[in-house]
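As structure tokens, the structure follows; a few thoughts come after it.
The values are calculated or read from the model by the stated rules, or taken from the named source; none is laboratory data. Nothing here was measured: the structure is a model prediction, and the numbers come from that model. Using ideal geometry, Cβ is built from the backbone for each residue, glycine included, and neighbour counts are taken over all protein chains shown.
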Amino acid sequence: MAADDLEFADIKRVIGTGRIRRKFTRDPRGTRYEIVGRSTDEREVGVGGDDNV
């Protein structure tokens, strides 16, 4: 995150207010998602995650 000048608040905002752009279902590790939204300084940011809780 440091190389992208992102903070935890940016990631939290993207996950909370963004939208799922892509869903990766063919990964043997399980389904993953690309979530896109705006950071706290309004940059468009994409983050990846899975549904393993």
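So the values come out like this:
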| read-out | value |
| --- | --- |
| Leading residue by the ranking (modelled with the lowest pLDDT) among those in the stretch 18-53 that are among the β-branched types (Val, Ile, Thr) and loosely packed, with under 12 Cβ neighbours inside 10 Å | 53 |
| Count of the stretch 1-17 residues which are exposed (fewer than 10 other Cβ atoms within 10 Å of the Cβ) and more than 12 Å from residue 38 (Cβ to Cβ) | 3 |
